[in-house]
Amino acid sequence: MAGPARMTTRRELLRSSALAGVAGFVAPMAALRESSRGTVTDLGPASSVTSLSGSAAIADKLYVATGGVSPTVVGAYDPAQQKITTKYLLPTGEGAWATTAVGSDLYVGTYAPGDLYQVDSTGTAVTKVADALPDNFIWALDSSPDGKVYAGTYPSGLVFEYDPATGVKRSYGSAVPGEQYVRSIAVDDSTIYAGVGAHAHLIAIDRASGEKRDILPAEFQNRTFVATLALEGGLLAAGLSATGTLLLMNTADPATYDTIQAPGDSYITAITIDASNNDIYFGTRPSGSLYKYDRDTGELTRLLVPYDGAYFSGLFLADGLLRGVLTNTILTYELATGALSGVDVTQAGMPPAPELAMAIATDGARVYVSGKAGIQIHDLASGTSRRTFLPGEAKAMTPARGQLWLSVYTLAYLFRLPPDGDPIRVATLDNDQTRPLDATYSAADNLLAVGTQPEYGRYGGALGLFATDTGQLDVYRDIIKDQSVRSVAIKHGKAYLGSSIRNGLGTTPLATEARLVTFDLAARRVEHELVPVPDAREIVDLIATGNRVYGVTEMGLAFEYDPARRTVVRTSQVSTGSTALVGIGESIYGADTRHVFRLDPATLTTTTVLDGLDTDSGAMIAAAPDGSALFALRGRNLIRIAL
């Protein structure tokens, strides 16, 4: 493999483009004033972002669609002007992964709900033309040479056709019965190729008859996804997860294929084929590399890494230029010279919008809210907020030792965020883990404990124990057999683990009830386990205070566990759904998506602190270290509740 022709850091890229963009975005926030007990102060949008998902080229423009914000915005990017020249708002959907073009029309597939829109690139018309019912997520789109649109969906793994000429939708049913994802799709004159997960299949569907056959070679059937497809001149290029393998297949003879391995990478996120030069370009993660594979010589060249963990969601070739669509940046790479430039789409004309938050935390001076590819940092003294870039999604954030520790999806990475710096990657849990679910820090043990869910299609979550002073990481896979580690608390040298019967996405649970496990941190072994609440599927949060452990299930049923007697003392219904808990001394507060409450440990009864949250981001709550305030979400805004 040849070395990179040119490498650049993200900071260098943004500086060379004279753009600070989302990474340095500063938003005003209502100034925080002294508040009396119970006073609620609105601190403005909790997290604002411009995050790109789907993309397609029409004529001389790139069309990019947002993810994680509502309404979904489609922007027409003119490379000559380096500007978004037209914006289209889609009436439904929380984002769009899937786009394709038919002539001058752009087709966009949304999620939540899964609607198919036609966007007229010559004007301003936006028309809903179909939906993915019964599914709510369109994962993939492609168009055939004769101008029909083909979609792959989640969670039923369906394939359907939409004919723009007649307005007729045709269903091909499930690509593979029992599989949830059609994650990629490519179409030629006669055949639809559907990339399936979370147990990998590559399904060839006859467009006329609907007949299906699996053409994925047997040696790859232990992969999780055929996640990315590109098709040109009878060559089908497929990206296989989670091994970062590029499969090149002759569609006339699927038994004839080659493979290329991206060194050290797990995912191929975008592919484009240059048939004129017999070259293939593809982007990978977690390294964030852009590769060129020369089919004539068999040479694989890493061209660049725009920044650590870069995510290429689209690659487009035109006039000797390769353009890449990243999370919030459009790159241009000159094939002849290796020159690289970039434009931040925020500065280009797609302003940030409030997004679904993923976690909140506070160190007293600041409140942190995580979202797609970044952390919004609210400075309570100045009343301003800024955003720092993160190559991933922080599912849990834990203040400790003067820094913020980030547990990040994908690949269960650990980052640390200094108060005035950028996130620094310090470790990865590996062991087939991908999605952190909870984290807590024990000052007495100097340990950050992280509970995780495994990779798509896999079973067995893990407990990661990271020593923040030495960097020592120990990972205990499948510590709760065939379950994920959903929640973690630590007290008196014991880690208390609450499970979820859900494993990697795309799997069917093997267990039927969530368990509570006591793990001895000194002996590093499971000491005891039980089912604290019969029929509960998840223990979504745990708090250890005094000589008790308090937990809550996905149905809002709280329980009190006595470690000395190894028994559940009592239970109480505290909410109607998933609930987050936070401790202030021996007091416990909780929040669901509707209200904030105080939970009395003595009686397990609740007192409402604040109603009317109406947030769609899920249950989140954080407490100021001095106990003076709680922080929660109301709608998509961050609020402070004085105590």
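The values are calculated or read from the model by the stated rules, or taken from the named source; none is laboratory data. Predicted model only: the values in this text are computed from it and were never measured. As a convention, Cβ positions derive from the backbone with ideal geometry for all residues, glycine included, and neighbour counts pool all protein chains shown. Quick note on the areas: whole protein, heavy atoms, side chains included, nothing else; ligands and nucleic acids left out. Shrake-Rupley method; radii C 1.70, N 1.55, O 1.52, S 1.80 Å.
Could you check, for region 115-127, whether at least one of its residues is free of Cβ contacts under 8 Å to residues at least 40 places away in the same chain, touching a Leu at 6+ places or on another chain (Cβ under 8 Å) and open to solvent by less than 40 Å² (accessible area, probe 1.4 Å)? Yes, there is a match, as at least one residue in region 115-127 is free of Cβ contacts under 8 Å to residues at least 40 places away in the same chain, touching a Leu at 6+ places or on another chain (Cβ under 8 Å) and open to solvent by less than 40 Å² (accessible area, probe 1.4 Å). Scanning region 476-500 for residues that are under 24 Å from the mean Cα position of the chain (by Cα), under 22 Å from Ala544 (Cα atoms) and outside any strand (DSSP E or B) returns a single hit, Gln483. Taken over region 160-196, the criterion of being closer than 30 Å to Glu455 by Cβ, outside any strand (DSSP E or B) and open to solvent by less than 40 Å² (accessible area, probe 1.4 Å) is satisfied by Ala175, Val176, Glu179.
Residues in region 197-230 that are part of a strand (DSSP E or B) and either closer than 17 Å to Leu158 by Cβ or in contact (Cβ under 8 Å) with a residue 60 or more places away in the chain (or both): Gly197, His201, Leu202, Ile203, Ala204, Ile205, Asp206, Lys212, Asp214, Phe225, Val226, Leu229. Here Gly383 passes the criteria (1) open to solvent by less than 10 Å² (accessible area, probe 1.4 Å); (2) touching a strand residue (DSSP E or B) at 6+ places or on another chain (Cβ under 7 Å) except the one numbered (2). Taking region 248-298 and the strands (runs of 3 or more DSSP E) fully enclosed by it, the elements with 3 or more residues that are β-branched (Val, Ile, Thr) are at 253-261, 267-274.
Of all residues in region 71-96, those satisfying the criterion of being touching a residue at least 60 places away in the same chain (Cβ under 8 Å) and either part of a loop (DSSP other than H, G, I, E, B) or among the acidic types (Asp, Glu) (or both) are Pro79, Gln82, Glu94. Of all the criteria given as (1) closer than 21 Å to Glu455 by Cα; (2) without any contact (Cβ under 8 Å) to a residue 12 or more places away in the chain, the one not satisfied by Ser382 is (1). Looking across Arg416, Arg386, one residue alone is out of contact with any Pro (no Cβ under 8 Å at 6 or more places or on another chain), among the charged types (D, E, K, R) and in a strand (DSSP E or B). It is Arg386. Considering only residues in region 606-617 that are at pLDDT 95 or above and open to solvent by 20 Å² or more (accessible area, probe 1.4 Å), the one that is nearest to Ala558 (Cα to Cα) turns out to be Thr606.
Selection over region 231-243 of residues that are in a strand (DSSP E or B) and either within 23 Å of Gly506 (Cα to Cα) or under 23 Å from the mean Cα position of the chain (by Cα) (or both) gives a count of 4. Among the residues of region 364-376, is any free of Cβ contacts under 8 Å to residues at least 40 places away in the same chain, touching a strand residue (DSSP E or B) at 6+ places or on another chain (Cβ under 8 Å) and within 16 Å of Gly309 (Cα to Cα)? Within region 364-376 (the criterion being free of Cβ contacts under 8 Å to residues at least 40 places away in the same chain, touching a strand residue (DSSP E or B) at 6+ places or on another chain (Cβ under 8 Å) and within 16 Å of Gly309 (Cα to Cα)), the answer is no, since none of the residues qualifies. Under the condition of being modelled with pLDDT under 95 and under 23 Å from Thr362 (Cα atoms), the residues counted in region 411-422 number 4. Within the span defined as region 324-336, every residue fails to be at positive phi, within 20 Å of the chain's Cα centre (by Cα) and of a type in the set (A, V, I, L, M, F, W, C).
Just give me the residues in region 474-491 being open to solvent by 20 Å² or more (accessible area, probe 1.4 Å) and free of Cβ contacts under 8 Å to residues at least 40 places away in the same chain, in sequence order.
Asp478, Lys481, Asp482, listed by residue number.
The residues in region 286-304 that are open to solvent by 20 Å² or more (accessible area, probe 1.4 Å) and either acidic (Asp, Glu) or at pLDDT below 95 (or both) can be counted, and the count is 4. When Tyr311 is tested against (1) open to solvent by 30 Å² or more (accessible area, probe 1.4 Å); (2) over 21 Å from Ala198 (Cα atoms); (3) touching a residue at least 12 places away in the same chain (Cβ under 8 Å), only condition (2) is not met. Would you call Gly239 under 27 Å from Pro391 (Cβ atoms) and buried (at least 20 other Cβ atoms within 10 Å of the Cβ)? Taking the combined requirement at face value, the residue satisfies it.
Name the single residue, out of those in region 509-547 being among the acidic types (Asp, Glu) and free of Cβ contacts under 8 Å to residues at least 40 places away in the same chain, that is surrounded by the most Cβ atoms within 10 Å (Cβ to Cβ).
Looking at residues that are among the acidic types (Asp, Glu) and free of Cβ contacts under 8 Å to residues at least 40 places away in the same chain, I get Glu513.
Looking across Gly590, Gly546, Gly627, Gly583, one residue alone is at pLDDT 95 or above and on the phi > 0 side of the Ramachandran plot. It is Gly627. Would you call Gly392 at positive phi and surrounded by fewer than 24 Cβ atoms within 10 Å (Cβ to Cβ)? Against the criterion (at positive phi and surrounded by fewer than 24 Cβ atoms within 10 Å (Cβ to Cβ)), Gly392 does not qualify. A single member of Ile273, Ile260 is in contact (Cβ under 8 Å) with a residue 12 or more places away in the chain and open to solvent by 20 Å² or more (accessible area, probe 1.4 Å), and it is Ile273.
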